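Just below is one structure, and these are the notes that go with it.
Every number here is computed from the coordinates shown, using simple stated rules; none is lab data. Fair warning: this is a prediction, and the values are worked out from it, not measured in the lab. Glycine gets a Cβ as well: all are built from the backbone with ideal geometry, and neighbour counts include every protein chain shown.
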Amino acid sequence: MSSAQINPEDALYVDLFIAKNSQTITFIRSSYAAVLGLAAGILGLTNWSGFIFYLVGSIFMSALIFALKVKFQPGRYFRNPLDCFTDGIFGTLLSFILFWTLVHGIIHVYD
């Protein structure tokens with residue numbers, strides 16, 4: 001019988017918990033993207049100013065997640081510490097665009 005080698009780093013993480021952490025961050029980002037889209041539509045942002053608004057808002061949300069949710073220790077909750085900054089940013093961009101164009105079209109229809 002051969003003894004199987006266990007990687008000590010694999011024993012630190014449970015896939016179910018990592019998936020739950022990613023799901024939580026995606027929910028937070030998705031909700032925040034909808035709020036950012038509403039704000040961009042109300043403010044009447046168009047073209048690149050709307051996307052820059054989303055980028056700045058996403059950076060702010062990443063900082064809040066890093067400070068409040070993972071308490072400056074992303075390695076405890078994710079295999080890759082950068083996941084708390086990058087997980088779900090481009091997936092929620094479509095939610096932002098949806099709310100941005102909807103609200104902008106409703107409010108600024110006669111401008």
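Annotations
- Result for the chain in a Gaussian network model with C-alpha springs under 10 Å: among L16, L93, L36, the largest mean-square fluctuation is at L16.
- The chain - mean residue ellipticity at 222 nm from DSSP helices (-39,500 (n - 2.57) per run, n ≥ 4, rounded to 500): -19500 deg cm²/dmol
- Against the chain, whose longest principal axis is taken from its Cα atoms, helix 15-43 shows a tilt of about 10°.
- Computed on the chain, with alpha-carbon pairs under 8 angstrom and 6+ residues apart, the relative contact order is 41 percent.
- Cα-based helix-to-principal-axis angle, 93-107 vs the chain, degrees rounded to 10: 20
- When Rg and the Kirkwood radius Rh are both evaluated on Cα atoms of the chain, their ratio Rg/Rh stands at 1.19.
- Length gained on full extension, T86 to F66, computed as 0.36 nm times the residue gap minus the Cα-Cα distance: 6.1 nm.
- Electrostatic tally near K69: other residues with Cβ closer than 15 Å to its Cβ, Lys and Arg +1, Asp and Glu -1, net +2.
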